[in-house]
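Asker: Let me give you the structure first, and then I'll get to my questions.
The values are calculated or read from the model by the stated rules, or taken from the named source; none is laboratory data. Just so you know, these numbers come straight off a predicted model, no measurement behind them. Because the Cβ atoms are built from the backbone with ideal geometry, glycine has one as well, and the counts that use them run over all protein chains shown. Just the protein is used for accessible areas: all its heavy atoms, side chains included, with ligands, DNA and RNA removed. Shrake-Rupley method; radii C 1.70, N 1.55, O 1.52, S 1.80 Å.
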Amino acid sequence: MFLFYLKDRLPWILFFIGCLVWINFLIYLDTGFKLISIMYMNLTTIFFFLVFLLWRYFRESIAIKEMDEDLSEYQCMNDVFLARIKGIEREFEHYQNELNIRRMQERDEHLAWIHEVKTPLTAMKLMIEDLPREYQKPLQVEWLRIHLLLDQTLHTLRLAEIEQA
């Protein structure tokens, strides 16, 4: 993170090093190094600093304006995408509601069918019990097979309903 910061501020660091080099160059040239020389050094350093500051200001302000334009453009695109995503979400919810209604209708139809079949099965059971013993055994096996299949189907439907609750 610190290296990224240094890389971002590299022009400022180089400016400061350049100022130091400039000051050392002036001191090297000026053997007398009087008050006038110090004022000259300070004024030239301030002048260069102001030039550099203005240059960086204009350069960075242009970049900031471009970023603001890009951000406003992205904001507009973001609003369009958000509206589209909400539309898709509404369509999905509508589709999901339709599927839930269809599933519930199919489940109700299955349950109604099972109960419609169980009523005659119960009547058949009573009729089978009235038959003589030799006829009861094969009919009871078939009756039990059908009854177990219906119970298994009913159990599967109710188990799916319990899992969804």
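Asker: Cut-off under 27 Å on the C-alpha distance; same-chain residues fewer than 8 positions from K137 excluded. Which lysines are left, in chain and number order?
Answerer: Hits, sequence-local ones excluded: K118, K125.
Asker: Residues of the stretch 112-165: accessible area per residue at 1.4 Å, in Å²?
Answerer: Details: 4380 Å² over 54 residues.
Per residue, the stretch 112-165 has 81 Å² of solvent-accessible surface.
Asker: Sort 139-148, 67-76 by the packing proxy (mean of other Cβ within 10 Å over each peptide's residues), most packed first. Display every interim value, and only then the final one.
Answerer: Working: 139-148: 12.9, 67-76: 10.2.
Ranking, from highest mean packing down: 139-148, 67-76.
Asker: Roll a 1.4 angstrom probe over the protein heavy atoms and tell me the percent of accessible area of the chain that is carbon or sulfur. It would help to have the intermediate numbers written out before the result.
Answerer: Details: 9730 of 14330 Å².
The nonpolar share, carbon plus sulfur, comes to 68 percent.
Asker: Evaluated at 20 °C with a viscosity of 1.002 mPa s, what Stokes-Einstein diffusion coefficient in µm²/s does the stretch 117-165 have when Rh comes from the Kirkwood expression over alpha-carbon pairs? Don't skip to the answer; put the middle values down first.
Answerer: Details: Rh = 12.1 Å.
Approximately 176 µm²/s, per Stokes-Einstein.
Asker: Among L159, F81, W143, whose Cα lies farthest out toward the positive end of the dipole of the chain, if unit charges sit on the beta carbon of Lys, Arg (+1) and Asp, Glu (-1)?
Answerer: Positive-end residue among those listed: F81.
Asker: A further question on this structure: Please report, to two decimal places, log10 I(q)/I(0) for the chain at q = 0.09, 0.20, 0.21 Å⁻¹ as given by the Debye formula with identical point scatterers on the Cα atoms and no solvent.
Answerer: Result of the Debye calculation: -0.68, -1.24, -1.27.
Asker: Could you give the accessible area per residue of the stretch 35-105, probe 1.4 Å, as a whole number in Å²? Write out the running numbers ahead of the final one.
Answerer: On the way: 6360 Å² over 71 residues.
I get 90 Å² per residue for this part.
Asker: Next up: With a cut-off of 8 Å between alpha carbons and a minimum separation of six or more residues, what is the relative contact order of the chain in percent?
Answerer: Working: 24 pairs, mean separation 24.1, N = 165.
Normalised by residue count, the contact order of the chain is 15 percent.
Asker: So what is the calculated 222 nm ellipticity per residue for the chain, using -39500 (n - 2.57) for each DSSP H run with n of 4 or more, over all residues, to the nearest 500 deg cm²/dmol?
Answerer: On the way: 4 runs with 155 residues, N = 165.
That comes out to -34500 deg cm²/dmol.
Asker: Next question. Which helices pass in the chain if a helix is a full DSSP H run, must span at least 18 angstrom along its long axis by Cα, and must have mean Kyte-Doolittle hydropathy not below 1.6?
Answerer: Numbers: long enough: 10-29 (28 Å, 2.17); 35-130 (133 Å, -0.13); 133-164 (47 Å, -0.47).
What comes out of the filter, once short or polar helices are dropped, is 10-29.
Asker: Put +1 on the Cβ of every Lys and Arg and -1 on every Asp and Glu Cβ in the stretch 67-165; which of I128, Q105, V117 then has its Cα farthest towards the positive end of the dipole?
Answerer: I128
Asker: Same structure again: Of F52, I62, Y40, which is farthest along the charge dipole of the stretch 8-90 in the positive direction, counting Lys and Arg as +1 and Asp and Glu as -1 at C-beta?
Answerer: So the residue we want is Y40.
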